[in-house]
Amino acid sequence: MEAGPKMALYTIVMAGGRGERFWPLSTSKLPKPFIPLLGSNSLLQETVARMQPLVPLERILISIGKEHEEIARRQLPQVPAKNFIIEPVGRDTSACLGFCALHIEQRDPDATLLALPADHFIGNGDAYLKTIQKGIEHLEGATAVVFGITPMRAETGYGYILAEKPSIRTDAWPVIRFIEKPDAPTAERYVASGNYFWNSGMFLWNNRTLLELFAMLMPETYQGLCALRPLLGKGAADARMTEIFASLPRISIDYGIMEKASGLRLIPAEFAWDDIGNWASLERALAPDALGNIAQGSHVSLDSNGCIIYAQSETIATFGVSDLVIVQAYGEVLVCSKDKAADLKRLITALGPQEG
């Protein structure tokens, strides 16, 4: 299971997810990848643009659910129509990437596959591409390459990867194991050790290797993929394809394959990264004003500090308040304390079904 650095690189941008913690800007019909959270472009558009210096548009594929196909095509008119891989139903990232591997197999069986989430913050695009290049260089002889983020804090909301510091000068660290989200004291130990990295969710394989890993480690999913293979590109087979896809286990690629695989190598990231999971995390991705406020859109502030403000179409004025999240979008308004932003799903549940 080896891949050489000269093999054609394909990028799969995984644009699933719901993004409920960014209500009211993000909804089930307009999830986090499709919203302009950090600027004028959506996170999906930024992800595709970031990869273009390294991968031509002809080899950038977008994995998307049927319900979001229209908006994805509208936001990415430059991406060839055939490069939108439509998942019949949502079955998490293992089914998503296995399905994409079948499509790439038809185009180039020897391809190298880079899987990227569509909804992360990445700082310093040049360093990002340099890190990806290092991963490609170290893929030969490895089962897969993962990209680890050096922890900046004792984060309990991320998974970690334990890797062995190389005894020789190299960019590739042998992976020891993947670790679930830790409690706070454990996270503190991880940060202090220097051998633990945040799991970025970015993975690199040879496409053949990925399918072999499915066969070895997720045989039930692999059987489903084998049944799907002859149905690709046949419109009359849509119902059967949906039936098979819906039967695949709902499990992430991390749990299903990466945690079980041997021979992995980790490349430490050389760029700023955050998965921006809720409104409060914008403080880590955007520059504050002199009073520590993060503001997007029209905002007038007086004696206010440490607030996060997002105004989609109206002006938000703040006077004498601190540490609030205030969002106006699609006729809805959110006001909450920053320390409640990570728990916004409770509010969404209380609000009931949303139309947005």
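Picking from residues in region 163-202 that are more than 29 Å from Ser94 (Cβ to Cβ), in a loop (DSSP other than H, G, I, E, B) and without any contact (Cβ under 8 Å) to a residue 24 or more places away in the chain, the one that is most open to solvent (accessible area, probe 1.4 Å) is Arg169.
Could you tell me whether region 150-173 includes any residue that is under 18 Å from the mean Cα position of the chain (by Cα) and within 29 Å of His103 (Cβ to Cβ)? The answer is yes; a qualifying residue exists. Just one of the listed residues (Glu58, Glu105, Glu67) is at pLDDT below 95, more than 30 Å from Ala192 (Cβ to Cβ), open to solvent by 10 Å² or more (accessible area, probe 1.4 Å) and assigned to a helix (DSSP H, G or I), namely Glu67.
Comparison of Gly352, Gly331, Gly306, Gly292 shows that the only residue that is open to solvent by less than 40 Å² (accessible area, probe 1.4 Å) and out of contact with any strand residue (DSSP E or B) (no Cβ under 8 Å at 6 or more places or on another chain) is Gly352. For region 254-289, how many residues meet the condition of being open to solvent by 10 Å² or more (accessible area, probe 1.4 Å), outside any loop (DSSP other than H, G, I, E, B), over 21 Å from Ala127 (Cβ atoms) and not aliphatic (A, V, I, L, M)? The total comes to 3. In region 274-298, the residues that are farther than 15 Å from Ser337 by Cβ reach residues that are of a type in the set (Asp, Glu) with C-beta atoms within less than 6 angstrom, at least six apart or across chains, in these pairs: Arg284/Asp274; Ala285/Asp274.
The residues in region 312-336 that are among the polar types (S, T, N, Q) and either on the phi > 0 side of the Ramachandran plot or within 26 Å of the chain's Cα centre (by Cα) (or both) can be counted, and the count is 2. Restricting region 128-149 to residues that are under 26 Å from Val191 (Cα atoms) and charged (D, E, K, R), the residue that is surrounded by the most Cβ atoms within 10 Å (Cβ to Cβ) is Lys134. Within region 97-116, residues that are more than 24 Å from Ile251 (Cα to Cα) and touching a residue at least 12 places away in the same chain (Cβ under 8 Å) have Cβ atoms under 7 Å from residues that are open to solvent by less than 40 Å² (accessible area, probe 1.4 Å) and assigned to a strand (DSSP E or B) in these pairs: Ala111/Tyr10, counting only partners at least 6 apart in sequence or on another chain. Residue under question is Asp343, and the condition is that it be in a helix (DSSP H, G or I), open to solvent by 80 Å² or more (accessible area, probe 1.4 Å) and either of a type outside the set (Ser, Thr, Tyr) or touching a Leu at 6+ places or on another chain (Cβ under 6 Å) (or both); does it hold? Considered against the rule, which asks whether it is in a helix (DSSP H, G or I), open to solvent by 80 Å² or more (accessible area, probe 1.4 Å) and either of a type outside the set (Ser, Thr, Tyr) or touching a Leu at 6+ places or on another chain (Cβ under 6 Å) (or both), Asp343 comes out as no.
The values are calculated or read from the model by the stated rules, or taken from the named source; none is laboratory data. Because the structure is predicted, anything quoted here is derived from the model rather than measured. All Cβ positions, even for glycine, are placed from backbone atoms using ideal geometry, and neighbour counts span all protein chains on display. To get the accessible areas, we keep the full protein, side chains included, count just its heavy atoms, and leave off ligands, DNA and RNA. Shrake-Rupley method; radii C 1.70, N 1.55, O 1.52, S 1.80 Å.
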